[in-house]
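Notes to accompany the following structure.
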Amino acid sequence: MSFSSPGFIFLFLPVLFAVYFLIPAKLREVRNLALLLFSLFFYAWGEPIFVSLMLLSIFINYCCGLVSVKHPRIGITIAATVGLGLFIYFKYTGLLLSSANNLFGLQIPVPEITLPIGISFFTFQGLSYVIDVARGDAPAQKNPLRVALYVSLFPQLIAGPIVRYQTVAQEISQRRESLDEAALGIRRFMLGLGKKMLISNAMGQIADKAFALADGQLTWDIAWLGAFAYTMQIYFDFSGYSDMAIGLGRVLGFHFLENFNYPYISKSITEFWRRWHISLSSWFRDYVYIPLGGNRCSKTRWVFNLLFVWMLTGIWHGAAWNFMLWGLYFGILLLLEKLVLGKVLDKLPPICRWVYTFVLIMLGWVLFRAESLPQVAWYLKAMFMPSVGLHRLTLYILHQYHIELIIACIASIPIGRWLSQQERAHGGLLTLGVNLWALAVFGLSIIWMISSSFNPFIYFRF
């Protein structure tokens, strides 16, 4: 079930809220049970076969959490071995076997394995629970239903943000819902839906047209326009989902951490990764990079740690070599900024630093979006081979989507944050105006939703 579907908005959410809030707040465990059952139903709607897999993952992490209280290493080892083993089997078996066949001339049958939706997210959240307990950052849960609720909580189950257990451990048992929080949460949900339906989908149509062109059909102008469109598509798609998840969490009394902080205003790649998919980058930093030694080791080991973590970051996103290349690309850029480029960038005007960063980000998203390594090669080649005149598709896109392109540019800068600050300072008519704006965006999103086909989020496949 997708957040951007009529069934979710007009059936699932109203029934959930009616049942949830009819249960007295003092019956916290009953509310938790209702929320757990609705979350399992939410997942089963799209993946009925794999509910048992998620429940198995939850049970293993629950047991490992109890073990980790007295035997931290044993608990973490078992949780990581089983959890990552299932993760690797479902996500990477096909890639590993096909690559072995190509490299060594083998003929090993490659099974068709269906990837469970959200396995990357619920696997990492389960590991977060066990590691937090083993480190003493959070108490072990004796009630398995609370662990199940943490892992399967529907707002962030399928596409994040990756919520650490220590962030919501107390709220699972002691949260407090309120009308003010619910109003803010619903407004954020509406604006997140608008990001997806009104901006991301339009940018996706542009990107799909550009990336569908074959080698020889691409010219520099449509290649850059397609890369820019995908840059905007993936931001508004994923940050829109995160906004919707955070908003729904607030309605239910949970406070998830922010996952995006206007990443396209960054003036270095280092800054970009402090602002983009914050929950994932901080997860790898705290649970992989620092335990490996981080930068508190020899320079050779530090370089290995950095590149290894970024290779894992790339692989986490998908079972294709271009994702590994994408991870290493950003790992190398971060390494260069820390060793050489950082001092040079500091001396440049802000606009030059921004152009440098944004261009490199767009090139990175080409690696991410391309269907194969050959497509990466010919697409990047087209971007850097200027030609005379503009492609007919470029002229069509600029005519057809110029309003959406302008809106995407405006919405990617911190105007929303400034409005929020003004609202907190002044309120009154400004709050009314923002609420009316959110309702207008929501109405347009619903019209677009009803008139279009299925609208899955990009990160559903990760």
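Look at (1) closer than 30 Å to Trp378 by Cα; (2) in contact with a helix residue (DSSP H, G or I) (Cβ under 8 Å, 6 or more places away or on another chain); (3) part of a loop (DSSP other than H, G, I, E, B) and you find that Gln217 fails only one, number (2). Of the helices (runs of 4 or more DSSP H) lying entirely inside the stretch 121-194, not one is found with 3 or more residues being free of Cβ contacts under 8 Å to residues at least 40 places away in the same chain and not aliphatic (A, V, I, L, M).
Yes/no matrix, rows are residues, columns are (1) within 20 Å of the chain's Cα centre (by Cα); (2) surrounded by fewer than 23 Cβ atoms within 10 Å (Cβ to Cβ); (3) closer than 28 Å to Ser39 by Cβ; (4) at pLDDT 90 or above:
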{"site": "Gly160", "(1), (2), (3), (4)": "yes, no, yes, no"}
{"site": "Ala169", "(1), (2), (3), (4)": "no, yes, yes, no"}
{"site": "Glu181", "(1), (2), (3), (4)": "no, yes, yes, yes"}
{"site": "Asp221", "(1), (2), (3), (4)": "no, yes, no, yes"}
{"site": "Trp224", "(1), (2), (3), (4)": "no, yes, no, yes"}
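I'd like to know if the stretch 313-325 contains one or more residues that are of a type in the set (Phe, Trp, Tyr) and over 28 Å from Gly118 (Cβ atoms). Checked the stretch 313-325: no residue is of a type in the set (Phe, Trp, Tyr) and over 28 Å from Gly118 (Cβ atoms).
A Cβ distance below 7 Å, combined with a sequence gap of six or more or placement on separate chains, defines the contacts here; from the stretch 7-30, residues that are closer than 18 Å to Met244 by Cα reach residues that are open to solvent by less than 60 Å² (accessible area, probe 1.4 Å) and outside any helix (DSSP H, G or I) in the pairs Gly7/Met1; Phe8/Met1; Phe8/Ser2; Phe12/Met1. Could we say that Asp208 is free of Cβ contacts under 8 Å to residues at least 40 places away in the same chain and either farther than 29 Å from Val434 by Cβ or part of a helix (DSSP H, G or I) (or both) here? So Asp208 passes the test. Within the stretch 53-70, not a single residue is surrounded by fewer than 15 Cβ atoms within 10 Å (Cβ to Cβ), out of contact with any strand residue (DSSP E or B) (no Cβ under 9 Å at 6 or more places or on another chain) and either part of a loop (DSSP other than H, G, I, E, B) or among the small types (Gly, Ala, Ser) (or both). Residues that are acidic (Asp, Glu) and not in a helix (DSSP H, G or I) within the stretch 233-291 comprise just one, Glu258.
Take Ile446 and tell me if it is modelled with pLDDT under 95 and either under 23 Å from Trp365 (Cα atoms) or open to solvent by 40 Å² or more (accessible area, probe 1.4 Å) (or both).
No; evaluated as a whole, the condition is false for this residue.
What do you reckon, is Leu35 in a helix (DSSP H, G or I) and open to solvent by 40 Å² or more (accessible area, probe 1.4 Å)? Taking the combined requirement at face value, the residue does not satisfy it.
For the condition exposed (fewer than 15 other Cβ atoms within 10 Å of the Cβ) and within 30 Å of Gly253 (Cα to Cα), what is the one hit in Asp137, Asp132? On inspection, the qualifying residue turns out to be Asp137.
Considering the stretch 336-370 alone, what residues qualify as being surrounded by 12 or more Cβ atoms within 10 Å (Cβ to Cβ) and outside any helix (DSSP H, G or I)? Leu348, Ala370 - these are the residues of the stretch 336-370 that are surrounded by 12 or more Cβ atoms within 10 Å (Cβ to Cβ) and outside any helix (DSSP H, G or I).
The values are calculated or read from the model by the stated rules, or taken from the named source; none is laboratory data. This one's a predicted model, so the numbers in the text were calculated from it and none came from an experiment. Cβ sites come from the backbone with ideal geometry, for glycine too, and all protein chains shown count toward neighbours. Quick note on the areas: whole protein, heavy atoms, side chains included, nothing else; ligands and nucleic acids left out. Shrake-Rupley method; radii C 1.70, N 1.55, O 1.52, S 1.80 Å.
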